[in-house]
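Heads up, the thing below is written out as structure tokens.
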Protein chains: 2
Amino acid sequence: MESTSDNVRAQMRKGVLEYCILSILNKKEAYASSILEELKRANMLVVEGTLYPLLIRQKNQGLLSYRWEESPQGPPRKYYVITDKGRAQLAEMDSAWQEMVDSIETLRK
Amino acid sequence: MESTSDNVRAQMRKGVLEYCILSILNKKEAYASSILEELKRANMLVVEGTLYPLLIRQKNQGLLSYRWEESPQGPPRKYYVITDKGRAQLAEMDSAWQEMVDSIETLRK
DNA sequence: TTTTAATACCTTGCAAGACAAAGTACCTAA
DNA sequence: TTAGGTACTTTGTCTTGCAAGGTATTAAAA
């Protein structure tokens, strides 16, 4: 049982997820599960099957790097860190996002 | 020759296109080519191969209807009109959009 | 009267990506 | 040694954006 509203939100989230990930990692390095929690807090819910491939793509593009770190409990964590290239991309995304907000406002009048 | 910036913008546009179409048609009925021009004016450039299937999908969902009208020059035009269901969906999208703007702001801090 | 150009709509095939679901691996405590 | 929690990864499906090519109508030029 899923509302229309959920579909709408899910659809809109697409394309901005990369921006969200870079935004989160720009503040503080993080591992996938903690990123999921932060997205949840911001009402930008995403699932594992979406996030993991996305992180790998961004890493392959040189926007992120990572290092392994021991966990207090459970298996080691893969901490992702934003790179210089990632920060440059984030700056571009800031402009792109602001432009899109303006465009929508124009269309809505 | 395409800049990174173009990719970023194209990526972000995805998922908001349906919102743009409904926004445009909420103001005034329009045919595909005129919708393309309005999107271009708002810097939300889209191509025919994206727009036509999208209009058909929205029509099949009952968000739009259409009627044929003679053109002053050339073949007849298919004017799309937003339906009551389409307006309800647009209202949902307004909330969804505003929430997303807020979420991004939260993430960017 | 054929050809050209402009306008308009539509379809096909490919590729990217979101997601559900299932799988692998590590660690601790009962 | 099994159960449960944490964490990362992969597979398969479905949707959708888009390039490219196609069809149809009209009017004006050659």
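The values are calculated or read from the model by the stated rules, or taken from the named source; none is laboratory data. In this text the structure is predicted, and so the values were computed from the model without any measurement. Here the Cβ positions follow ideal geometry from the backbone for every residue, glycine too, while neighbour counts run over all protein chains shown.
Does any residue of the stretch A:67-85 turn out to be part of a helix (DSSP H, G or I) and at pLDDT 95 or above? Lay out the reasoning, then the answer.
Kept after step one, since they are part of a helix (DSSP H, G or I), are these residues of the stretch A:67-85: A:84-85.
Among the residues that remain, those that are also at pLDDT 95 or above are: A:84-85.
Yes, there is a match, as at least one residue in the stretch A:67-85 is part of a helix (DSSP H, G or I) and at pLDDT 95 or above.
Just one of the numbered conditions (1) closer than 15 Å to A:Arg108 by Cα; (2) assigned to a helix (DSSP H, G or I) is not true of B:Asn43; which one?
Of the numbered conditions (1) closer than 15 Å to A:Arg108 by Cα; (2) assigned to a helix (DSSP H, G or I), the odd one out for B:Asn43 is (2).
Do we find that B:Ala32 is within 12 Å of DNA strand D (Cβ to nearest atom) and farther than 24 Å from B:Gln98 by Cα in this structure?
Values: within 12 Å of DNA strand D (Cβ to nearest atom): yes; farther than 24 Å from B:Gln98 by Cα: yes.
When the stated conditions are applied, B:Ala32 passes them.
Checking the structure you have, find out if any residue of the stretch B:63-72 is within 28 Å of A:Met44 (Cα to Cα) and within 13 Å of DNA strand D (Cβ to nearest atom). Steps first, please.
Here is the first cut: in the stretch B:63-72, the residues within 28 Å of A:Met44 (Cα to Cα) are B:63.
Then keep just the ones that are within 13 Å of DNA strand D (Cβ to nearest atom); that gives B:63.
Within the stretch B:63-72 (the criterion being within 28 Å of A:Met44 (Cα to Cα) and within 13 Å of DNA strand D (Cβ to nearest atom)), the answer is yes, since at least one residue qualifies.
Quick check on my filter: what residues within the stretch B:52-93 are in contact with a Ser or Thr (Cβ under 9 Å, 6 or more places away or on another chain) and of a type in the set (Asp, Glu)?
Within the stretch B:52-93, B:Glu92 is the sole residue that qualifies.
List pairs: first in the stretch B:6-18 and within 11 Å of DNA strand C (Cβ to nearest atom), second in a loop (DSSP other than H, G, I, E, B), Cβ under 8 Å, 6+ apart or cross-chain?
B:Gln11/A:Gly15; B:Met12/A:Gly15; B:Met12/A:Val16; B:Lys14/A:Lys14; B:Lys14/A:Gly15; B:Gly15/A:Lys14; B:Gly15/A:Gly15; B:Gly15/A:Val16
Looking at (1) within 12 Å of DNA strand C (Cβ to nearest atom); (2) buried (at least 20 other Cβ atoms within 10 Å of the Cβ), which one does A:Ile24 not meet, given that it meets all the others?
It fails just one condition, (1).
Please state which one of B:Val81, B:Val47 is touching an Asp or Glu at 6+ places or on another chain (Cβ under 7 Å) and either crowded, with 17+ Cβ neighbours inside 10 Å or more than 8 Å from chain A (Cβ to nearest Cβ) (or both).
B:Val81
Which of (1) more than 23 Å from A:Arg108 (Cβ to Cβ); (2) in contact (Cβ under 8 Å) with a residue 12 or more places away in the chain; (3) not small (Gly, Ala, Ser) is the odd one out, the single condition B:Glu29 does not satisfy?
Unmet for B:Glu29, out of (1) more than 23 Å from A:Arg108 (Cβ to Cβ); (2) in contact (Cβ under 8 Å) with a residue 12 or more places away in the chain; (3) not small (Gly, Ala, Ser): (1).
For the stretch A:27-44: of the residues being facing another protein chain (nearest Cβ under 7 Å) and within 13 Å of DNA strand C (Cβ to nearest atom), which is farthest from the chain's Cα centre (by Cα)?
Going through the qualifying residues, I end up with A:Asn43.
May I ask you to say which residue of A:Gln58, A:Gln98, A:Gln89 is touching a residue at least 12 places away in the same chain (Cβ under 8 Å) and more than 13 Å from DNA strand D (Cβ to nearest atom)?
After ruling out the rest, the residue left standing is A:Gln89.
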